[in-house]
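The values are calculated or read from the model by the stated rules, or taken from the named source; none is laboratory data. This structure is a prediction, so every number in the text was calculated from the model and none was measured. Note that each Cβ is placed from the backbone with ideal geometry, even for glycine, and that neighbours are counted across all protein chains shown. All accessible areas refer to the heavy atoms of the entire protein, side chains included, with ligands and DNA or RNA removed. Shrake-Rupley method; radii C 1.70, N 1.55, O 1.52, S 1.80 Å.
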Amino acid sequence: MNLKWLIRSQSIMTLAAGMIYPYYLLFLKNLGNSFSKYGLAFAVFTISSAAVSHWLAPRLDKHGVCMMIVSSLGMMGAMLVFPWTSSYGWVLLLQLLMGTCNAMQRMSERVLLADYTEPGSRGAGIGSYHFWTSVASGFAVILGGFLIDWLTINILFYLSALLYGTSAWTIWRTNRPAVPRAKEGSVSEHNVL
């Protein structure tokens with residue numbers, strides 16, 4: 001993976017998050033039926049993200065890309081489950097999962113930005129990253145607002161899940177090890193039974 005693919009994968013992830021985020025907040029508020037329950041749900045998200053960040057820090061340099069893939073898959077799972085959630089307890093568990101995924105994504109993003117830019121000339125790469133992910137976020141809110149007029153909130157959760165899955169696939173696809181090709185006429189180990 002390089003900076004270009006990091007920008008692409010994270011723009012997709014930002015599109016997924018931005019498209020559902022305003023409606024996800026309404027969903028939380030309506031399910032909790034009070035601002036205090038909404039506040040607790042959001043606190044579980046932020047505190048779990050902070051706690052996981054502290055625990056993950058020593059593992060980032062070696063496993064940053066894997067954490068980013070797991071983060072996207074975890075968010076995809078959360079988006080698929082959210083429409084079926086009917087109890088506040090499950091909401092808190094999903095908030096815990098989402099906080100964990102948020103920590104993995106944010107920390108991996110920062111480490112990979114440092115890895116894919118050169119000291120002394122990081123500004124241009126980081127600026128490009130911020131520009132494209134911010135454009136994706138703005139476009140996502142507009143798209144979500146347009147789609148919610150035509151679709152249900154559940155469909156937005158599913159579309160968001162699809163985008164998170166696409167982000168995970170993009171990261172995996174650009175980071176899988178290259179398989180050496182066998183020369184014509186030679187027998188590779190894979191062809192021998």
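In table form, for the structure just shown:
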{"item": "Sequence of Trp84, Trp169 when ordered by accessible area, the most exposed leading, probe 1.4 angstrom", "result": "Trp84, Trp169"}
{"item": "Degrees separating the helix 88-115 axis from the principal Cα axis of the chain, which is the longest one", "result": "40 degrees"}
{"item": "Principal-axis tilt of helix 60-81 within the chain, Cα atoms, nearest 10 degrees", "result": "40 degrees"}
{"item": "Paramagnetic reach from Asn154 (point 7 Å along Cα→Cβ, amide N under 18 Å) across region 63-88", "result": "77-88"}
{"item": "Charged-residue dipole, Cβ positions (Lys, Arg, Asp, Glu), the chain about Cα centre, Debye nearest 20", "result": "120 debye"}
{"item": "Residue-averaged [θ]222 nm for the chain, counting only DSSP H segments that reach four residues, each worth -39500 (n - 2.57)", "result": "-28500 deg cm²/dmol"}
{"item": "Solvent-accessible surface (1.4 angstrom probe) belonging to Arg59, in square angstrom, nearest 10", "result": "90 Å²"}
{"item": "Distance (nanometres) between label positions extended 7 Å along Cα→Cβ at Phe146 and His54", "result": "4.4 nm"}
{"item": "Accessible carbon and sulfur surface of the chain relative to its total accessible area, %, 1.4 Å", "result": "67 percent"}
{"item": "Most fluctuating residue given options Ala124, Ala136, Ala43, as computed from a GNM of the chain linking Cα atoms under 10 Å", "result": "Ala124"}
{"item": "Cβ-based charge dipole, region 3-192, positive-most Cα from Ser53, Gln10, Leu97", "result": "Ser53"}
{"item": "Accessible surface, 1.4 Å probe, highest first, among residues Phe82, Phe131", "result": "Phe131, Phe82"}
{"item": "Simple spin-label estimate for Arg110 and Tyr88 in nanometres, 7 Å along Cα-Cβ", "result": "3.3 nm"}
{"item": "Helix 35-56 axis, angle to the chain major axis (alpha carbon atoms, nearest 10°)", "result": "20 degrees"}
{"item": "Percentage of interatomic Cα-Cα distances in region 3-192 larger than 23 Å", "result": "49 percent"}
{"item": "Per residue value of the accessible surface for the chain (all protein chains in place, 1.4 Å probe), Å²", "result": "58 Å²"}
